[in-house]
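Working notes for the structure below.
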Amino acid sequence: MRDVMDMKGRSLLTLSDLSDEEVAGLLDLALRLKQDKHAGVCGQRLAGQHIALIFEKMSTRTRCAAAVAAADEGGRTEYLAATEIHLGKKESVADTARVLGRMFDGILFRGYRQETVELLAQFSGVPVWNGLTDLSHPTQALADLMTIKERFGELAGRRVVYAGDGRNNVATSLMLACAMSGMHFVNCTPPSLKPSDDLIAHADSVASQRGGTVRVAHDPHEGVAGAHAVYTDVWTSMGEEDQFDERVALLRPYQVNMDMMQATGNLEQDEVIFLHCLPAFHDHRTKVTQKIGALEVTDDVFEAPFSKVFDQAENRLHTIKALFVASLEKG
Ligand code: CP
Ligand code: NVA
């Protein structure tokens with residue numbers, strides 16, 4: 001059995017880098033850190049530590065969560081927009097990694113290729129955390145689990161239904177996180193957007209060893225039945241904007257609206273929450289949606305009391321802080 005005490009010096013590139021116990025330990029640590037912060041107590045667990053934040057893609061939550069997490073514990077961060085450093089252009093990723101590893105104690109990376117975050121980890125010699133790639137979004141999944149745990153206590157046995165683009169980074173990381181926690185996970189998505197059979201089989205086998213299940217559903221109303229958490233994400237991820245029109249047409253039936261929330265059968269008893277990693281297209285107030293309105297979630301669901309999306313966003317801070325502390329705290 002491994003716990004967070006064994007995470008010193010280690011990277012998080014996908015959730016498979018963690019044991020179930022480490023995931024549970026990180027959630028417990030994040031809950032304690034949240035309680036402390038709300039009580040006005042912060043520490044010096046990252047005193048003297050420097051963390052590089054390399055971003056190829058845009059970010060609000062992940063970037064701010066990392067900056068505030070480090071500062072809360074006496075550490076500091078340096079934001080490096082990939083367009084402003086040599087990474088992969090005038091210098092190989094391996095060389096940049098070796099330079100940053102001589103100066104920084106850890107690196108958080110957000111970008112396109114999973115291979116880039118793997119190379120950073122391989123060559124820097126310091127812990128590297130995946131802050132989202134095309135393939136996975138493991139730090140998001142930690143905040144997702146934390147938010148469900150805050151609402152329901154025990155994770156095992158709870159049912160999470162993800163509705164939308166079932167093969168994207170958020171959906172597949174959530175699928176594995178739920179499986180590792182012994183939950184029942186339904187990936188509700190059109191046939192053309194389901195994760196690979198290998199990924200589903202792996203997640204289902206992880207879940208079944210812990211009393212959970214993983215399955216794919218194509219009928220949104222059947223898929224959502226019994227859900228304790230209904231989760232969605234944007235229909236086109238960063239880098240896929242050219243597929244916007246076809247995704248909107250394909251995913252309309254998977255929009256999370258009040259009908260879908262009713263179909264869980266848990267709305268009247270207040271036994272279901274709505275989750276979204278954010279940013280979300282829930283109304284007309286964005287450049288993308290000003291003409292077409294809500295996409296993956298309707299405004300009434302997004303703004304409902306059962307919507308926990310801003311708790312979830314705040315929990316990005318506490319879970320990323322837990323990760324930094326577990327990997328970097330000295331002594
Ligand atoms: N959920 C999430 O990763 O948000 P950002 O893109 O704002 O970091
Ligand atoms: N799937 C989305 C998540 C954003 C936080 C994307 O990759 O753009």
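Give me the percent relative contact order of the range 69-161, please, defined on Cα pairs under 8 angstrom at least 6 residues apart. Could the numbers behind the result be given before it?
Working: 87 pairs, mean separation 18.5, N = 93.
Once normalised by length, the contact order is 20 percent.
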>> Against the 2.2 N^0.38 Å scaling, with N counting residues, where does the chain land? I'd like the Cα-based Rg ratio to two decimal places.
In response: 0.97
> Taking all pairs of different Cα atoms in the range 100-177, averaging 1/r and flipping that mean, what Kirkwood radius in angstroms comes out?
Replying inline: 14.0
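Contour minus end-to-end for Q262 and D134, with contour as 0.36 nm per residue of separation and end-to-end as the Cα-Cα distance? Present the calculation step by step, with values, prior to reporting the outcome.
Details: separation 128, 0.36 × 128 = 46.08 nm, distance 3.23 nm.
Between Q262 and D134, full extension yields an extra 42.9 nm.
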> Which of K37/K149; K37/K321; K34/K57 have a Cα-Cα distance over 20 Å?
Replying inline: K34/K57
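Once you list every other residue whose beta carbon is under 14 Å from the beta carbon of D198, what net charge do they have if Lys and Arg are +1 and Asp and Glu are -1? All intermediate terms of the calculation are to be shown ahead of the outcome.
Details: positive: R167, K194; negative: D197, D204.
Net charge in that neighbourhood comes out at 0.
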> Based on Cβ point charges of +1 for Lys and Arg and -1 for Asp and Glu, what charge dipole magnitude is obtained for the range 206-246 about its Cα centre, in debye rounded to the nearest 20?
Replying inline: 580
> With point charges of +1 on the Cβ of Lys and Arg and -1 on the Cβ of Asp and Glu, referenced to the Cα centre of the range 104-188, which listed residue (Q114, T139, L155) lies farthest in the positive direction of the dipole?
Replying inline: L155
> In percent, what relative contact order does the chain have, based on Cα pairs under 8 Å that are 6 or more apart in sequence?
Replying inline: 20
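Rounded to the nearest 20 debye, what is the charge dipole size of the range 79-210 about its Cα centre when +1 sits on each Lys and Arg Cβ and -1 on each Asp and Glu Cβ? If you can, show how the numbers build up before the last one.
Numbers: 13 positive and 14 negative charges, 36 e Å.
Using only the charged Cβ atoms, the result is roughly 180 debye.
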> Among V99, V248, V161, which one shows the biggest mean-square fluctuation in a GNM of the chain, springs joining Cα atoms closer than 10 Å?
Replying inline: V99
> Of H318, H221, I273, whose Cα points farthest to the positive end of the dipole of the chain (charges on the beta-carbon: +1 Lys, Arg; -1 Asp, Glu; origin at the Cα centre)?
Replying inline: H318
>> Give the separation of the Cα centroids, the range 20-90 to the range 221-262, in Å.
In response: 30
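Only Lys, Arg, Asp and Glu count, each charged at its Cβ (+1, +1, -1, -1), so figure out the dipole size of the chain about its Cα centre, rounded to 20 debye. Intermediate values should be presented prior to the final figure.
Values: 34 positive and 46 negative charges, 188 e Å.
That gives a dipole near 900 debye.
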> Label-point separation (nm) for D95 and E222, each offset 7 Å from Cα along Cα-to-Cβ?
Replying inline: 5.6
> Using 7 Å Cα-to-Cβ label points, what is the Y79/S208 separation (nm, one decimal)?
Replying inline: 4.7
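The numbers here are math on the coordinates, done by the rules we state, and not lab data. As the structure is a prediction and not an experimental result, all values here were calculated from the model. Don't worry about glycine lacking a Cβ; one is built from the backbone with ideal geometry, like all the others, and counts go over all protein chains shown.
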